[in-house]
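As C-alpha cells, the structure follows; a few thoughts come after it.
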Amino acid sequence: MHGAFFASDEGLRHFELILLQHSRLDAVLSDVAAQRRRAEGWTYLADAGRIAWLQEPDAVTHMKDRHGHATLKKLAIASNLFDVFDEPLLDVGYRTLYRARS
C-alpha cells in the first residue's frame, strides 16, 4: 500500500516537500527567522540571503538544480514552513519579509 503511494505523483511531491523542508537552506531560513526577527515577528529575506551565501554557498549556488527554485523567496514559499510578505516601501519597490509558520 505505501509503495503505491510513493510511486504516485502525489507521493513524489510529498517526498520532495520533505526533502525541501529538511534542506540546509530551510534550516538557515529557520535560524535567521528565529534570531533576527523584527518586533512584530517578520524577518528580512535579504538578511537570510546574505547569511545563506556565507554559511551554505554550495546550497545557494545549486538551489535551482537541487530544489527547483531559483530564489530563496520561491523556496521559502514552496516549503510551506514560512509566511512570505512583500512590504511596500515609501518610494518605489518593496522588501520581502518572512516568518516561520506556527
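The values are calculated or read from the model by the stated rules, or taken from the named source; none is laboratory data. Source: prediction; values computed, not measured. Cβ placement follows ideal geometry from the backbone for every residue including glycine, while neighbour counts extend to all protein chains displayed.
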* Residues being among the aromatic types (Phe, Trp, Tyr), exposed (fewer than 15 other Cβ atoms within 10 Å of the Cβ) and in contact with a strand residue (DSSP E or B) (Cβ under 6 Å, 6 or more places away or on another chain): count how many of those fall in the range 44-102. => 2
* Index of the failed condition, Lys64 passing every other in (1) in contact (Cβ under 8 Å) with a residue 12 or more places away in the chain; (2) not in a strand (DSSP E or B) -> (1)
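Results for (1) under 15 Å from the mean Cα position of the chain (by Cα); (2) at pLDDT 95 or above; (3) not in a loop (DSSP other than H, G, I, E, B), shown as yes or no for each residue.
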residue: Leu17; (1), (2), (3): yes, no, yes
residue: Ala27; (1), (2), (3): yes, no, yes
residue: Ala46; (1), (2), (3): yes, yes, yes
residue: Ala59; (1), (2), (3): yes, no, yes
residue: Ala70; (1), (2), (3): yes, no, no
residue: Ala78; (1), (2), (3): yes, no, yes
residue: Arg99; (1), (2), (3): yes, yes, yes
* Asked: Does Gly41 satisfy the criteria of being modelled with pLDDT of 90 or more and at positive phi?
  -> yes
* To do: Enumerate the pairs (first residue in the range 41-58 and farther than 13 Å from Asp31 by Cβ; second residue anywhere and assigned to a strand (DSSP E or B) and among the polar types (S, T, N, Q)) with beta-carbon separation below 7 Å, excluding pairs fewer than 6 apart on the same chain, so at least 6 apart or on different chains.
  => Leu45/Thr96
